[in-house]
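Trainee: After the structure tokens below, expect a handful of questions from me.
The values are calculated or read from the model by the stated rules, or taken from the named source; none is laboratory data. Given the structure is predicted, the values throughout are model-derived calculations rather than measurements. Reconstructed Cβ throughout: ideal geometry from the backbone, glycine too, with neighbour counts over all protein chains shown. What goes into the accessible areas is simple: the full protein's heavy atoms, side chains included, and nothing from ligands, DNA or RNA. Shrake-Rupley method; radii C 1.70, N 1.55, O 1.52, S 1.80 Å.
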Amino acid sequence: MKNILVTGGAGFIGANFVHYWLNKYDSDKVIVLDALTYAGNLANLEPVQGNSNFVFVQGDICDQELVEKLIQEHGIDTVVHFAAESHVDRSITGPDAFIETNILGTYSLIKAVKKCWIDEPKERGDDIIEHRFHHVSTDEVYGTLSPTDPAFKEDTAYAPNSPYSASKAASDHLVRAYHHTYGLNVTTSNCSNNYGPYHFPEKLIPLVITNILHNKSLPIYGNGMQIRDWLYVEDHAYGIDLVLNKGRVGENYNIGGNNEWANINIVKEVCKLVENEFANSTELSARFPEALAAINSDTESLITYVKDRPGHDRRYAIDATKTRDELGYEPKESFETGISKTVAWYLNNESWWQAVMDGSYQDWVEKQYS
Ligand code: NAD
Ligand code: TYD
């Protein structure tokens, strides 16, 4: 039985992880610590709100005292650290928040766990708590690949190119150093691009779905030939589960979908799937009348090439051989089923995405795409 502190559990991947975990390990206790920034949303945790093994705490990972209190109060033995600023474009227009949360926040968090678990360990029953700090990182720390380069491995040298990936790389290094220097039991996973339910609509896939429904243009940065390796979010949670239960302390594990797509092709694929959903449902036409003009002629006509992202990484690809060989990891969801489920989820959960597209989101869209 574990008592897990999940930071950033009201965000996209954190919330999916909490659902996964409580569903699979129904005796474990999950405490979510989340600051509820623009990307955090209590509605993402609605399905577990009535669960007596679930507690939500609104707070900042930079608040070391609060984290120490939560570790002691709930007998936390495991931390899974998702909390971060996660959007590359926002890191370009405003890097400060990324330095604050991703670097200083992670530093504050590992200081708290070191104090509670190593400097002043408490006993739980007769046992000294066996602890684990799992750090959730990204493939973006490895930098960029050409179309023919071999995929990133765990020993690929770090070469981050955006303020986002640089801040994540810095946090990975701090976590590594706390293992080597102080003996903190850490693991790190570096995962490729996730997609699925509760994905904030500023990111490519949900942006495209919601823009089609509003009859808005689908912005493609540059020539659209940048490649990402897409993984269904539940398979990320499954990978972290394997790392927590079978991974070796002090190791990094790559998690990926083995599923590379050029941006332009993934946007076209989403257009096709939305068209199919409308073709099979008169109810959708009634609910989203704005969308019909494009969908009834050619949804792809909404595609608009816009100015490229500065420093845009050409390609990410994950070689997850180590995670497969050591932990038996294989994604369970095919891209075909995962992307269909995702499109259907957005069509069936309009109230969720309408609620998050509030004033501050509109301001961002205005600034980013004007
Ligand atoms: P997200 O932006 O959807 O969610 C981040 C969550 O962290 C939000 O709930 C937010 O409120 C919370 N948060 C932010 N600052 C905080 C602070 N100072 N204190 C407490 N909570 C805070 O992000 P996501 O896409 O779910 O990503 C989660 C993690 O996974 C991040 O560490 C990210 O780097 C990593 N990751 C993401 C992807 C991806 O494709 N989205 C891929 C690989 C790795
Ligand atoms: P994104 O979802 O922001 O993830 P990341 O930058 O972490 O990979 O973007 C995925 C890809 O889609 C990336 O190459 C940038 C591109 N993109 C667009 O072309 N247009 C957009 O409006 C957005 C948000 C992203």
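Trainee: Please count how many residues of the range 228-275 are β-branched (Val, Ile, Thr), within 16 Å of ligand 1 (Cβ to nearest atom) and farther than 30 Å from ALA294 by Cα.
Mentor: 3
Trainee: In this structure, is ARG228 buried (at least 20 other Cβ atoms within 10 Å of the Cβ), of a type in the set (Lys, Arg), in contact (Cβ under 8 Å) with a residue 40 or more places away in the chain and not in a helix (DSSP H, G or I)?
Mentor: Against the criterion (buried (at least 20 other Cβ atoms within 10 Å of the Cβ), of a type in the set (Lys, Arg), in contact (Cβ under 8 Å) with a residue 40 or more places away in the chain and not in a helix (DSSP H, G or I)), ARG228 qualifies.
Trainee: Another question about this same structure. List, please: which pairs have Cβ atoms under 8 Å, are six or more places apart or on different chains, and start with a residue in the range 324-350 that is outside any loop (DSSP other than H, G, I, E, B) and end with one that is open to solvent by 50 Å² or more (accessible area, probe 1.4 Å) and not hydrophobic (A, V, I, L, M, F, W, C)?
Mentor: Between residues of the range 324-350 that are outside any loop (DSSP other than H, G, I, E, B) and residues that are open to solvent by 50 Å² or more (accessible area, probe 1.4 Å) and not hydrophobic (A, V, I, L, M, F, W, C), the close pairs are ARG324/GLU330; GLU326/LYS246; GLU326/ARG248; LEU327/LYS246; VAL343/GLU277; ALA344/GLU277; LEU347/GLU277; GLU350/ARG287.
Trainee: I'd like the residue in the range 24-71 that is under 24 Å from SER351 (Cα atoms) and part of a helix (DSSP H, G or I) and, out of all such residues, is farthest from ligand 2 (Cβ to nearest atom).
Mentor: So, considering only residues that are under 24 Å from SER351 (Cα atoms) and part of a helix (DSSP H, G or I), the one farthest from ligand 2 (Cβ to nearest atom) is VAL48.
Trainee: Turning to a different aspect of this structure: How many of the residues making up the range 72-100 are in a helix (DSSP H, G or I) and either within 16 Å of ligand 2 (Cβ to nearest atom) or among the aliphatic types (A, V, I, L, M) (or both)?
Mentor: 9
Trainee: Tell me whether the range 256-268 contains one or more residues that are closer than 16 Å to GLU350 by Cα, among the acidic types (Asp, Glu) and modelled with pLDDT of 95 or more.
Mentor: no
Trainee: Right, next: For ALA166, state whether it is more than 10 Å from ligand 1 (Cβ to nearest atom), closer than 28 Å to ALA320 by Cα, open to solvent by 40 Å² or more (accessible area, probe 1.4 Å) and not aromatic (Phe, Trp, Tyr).
Mentor: yes
Trainee: Another one. Could you please find all residues in the range 154-169 being in a loop (DSSP other than H, G, I, E, B) and in contact with a strand residue (DSSP E or B) (Cβ under 7 Å, 6 or more places away or on another chain)?
Mentor: GLU154
Trainee: From the list VAL243, VAL274, VAL270, exactly one residue is in a helix (DSSP H, G or I), more than 13 Å from the chain's Cα centre (by Cα) and within 16 Å of ligand 2 (Cβ to nearest atom). Which is it?
Mentor: After ruling out the rest, the residue left standing is VAL270.
Trainee: Check whether at least one residue in the range 180-193 is open to solvent by 10 Å² or more (accessible area, probe 1.4 Å), at pLDDT 95 or above, within 15 Å of ligand 2 (Cβ to nearest atom) and closer than 24 Å to ILE303 by Cα, and report yes or no.
Mentor: Yes, there is a match, as at least one residue in the range 180-193 is open to solvent by 10 Å² or more (accessible area, probe 1.4 Å), at pLDDT 95 or above, within 15 Å of ligand 2 (Cβ to nearest atom) and closer than 24 Å to ILE303 by Cα.
Trainee: Additional query: Being under 19 Å from ILE318 (Cβ atoms), touching a residue at least 60 places away in the same chain (Cβ under 8 Å), of a type in the set (A, V, I, L, M) and within 12 Å of ligand 1 (Cβ to nearest atom) is true for just one of VAL141, VAL136. Which residue is that?
Mentor: None of the other options fit; the residue is VAL136.
Trainee: Further question on the same structure: Among the listed residues SER334, SER281, identify the single one that is of a type in the set (S, T, N, Q), modelled with pLDDT of 95 or more, farther than 29 Å from THR93 by Cα and open to solvent by less than 70 Å² (accessible area, probe 1.4 Å).
Mentor: Only one candidate qualifies: SER334.
Trainee: Oh, and also: Within the set of pairs 6+ apart or on separate chains, which have a first residue in the range 302-317 that is within 15 Å of ASN161 (Cβ to Cβ), a second that is part of a strand (DSSP E or B) and open to solvent by 40 Å² or more (accessible area, probe 1.4 Å), and C-beta atoms under 8 Å apart?
Mentor: ARG315/GLU260
Trainee: Filter the range 351-370 down to the residues that are in a helix (DSSP H, G or I) and either within 16 Å of ligand 1 (Cβ to nearest atom) or within 21 Å of the chain's Cα centre (by Cα) (or both) and list them by number.
Mentor: Once the filter is applied, which keeps residues that are in a helix (DSSP H, G or I) and either within 16 Å of ligand 1 (Cβ to nearest atom) or within 21 Å of the chain's Cα centre (by Cα) (or both), the range 351-370 yields TRP352, TRP353, GLN354, ALA355, VAL356, SER360, TYR361, TRP364, VAL365, GLN368.
Trainee: May I ask you to say which residue of VAL343, VAL306 is more than 15 Å from ligand 2 (Cβ to nearest atom), in contact with a helix residue (DSSP H, G or I) (Cβ under 8 Å, 6 or more places away or on another chain) and among the β-branched types (Val, Ile, Thr)?
Mentor: It is VAL343.
Trainee: Name every residue in the range 216-225 that is open to solvent by 10 Å² or more (accessible area, probe 1.4 Å) and either part of a loop (DSSP other than H, G, I, E, B) or within 13 Å of ligand 1 (Cβ to nearest atom) (or both), in order of residue number.
Mentor: LYS216, SER217, GLY222, ASN223, MET225
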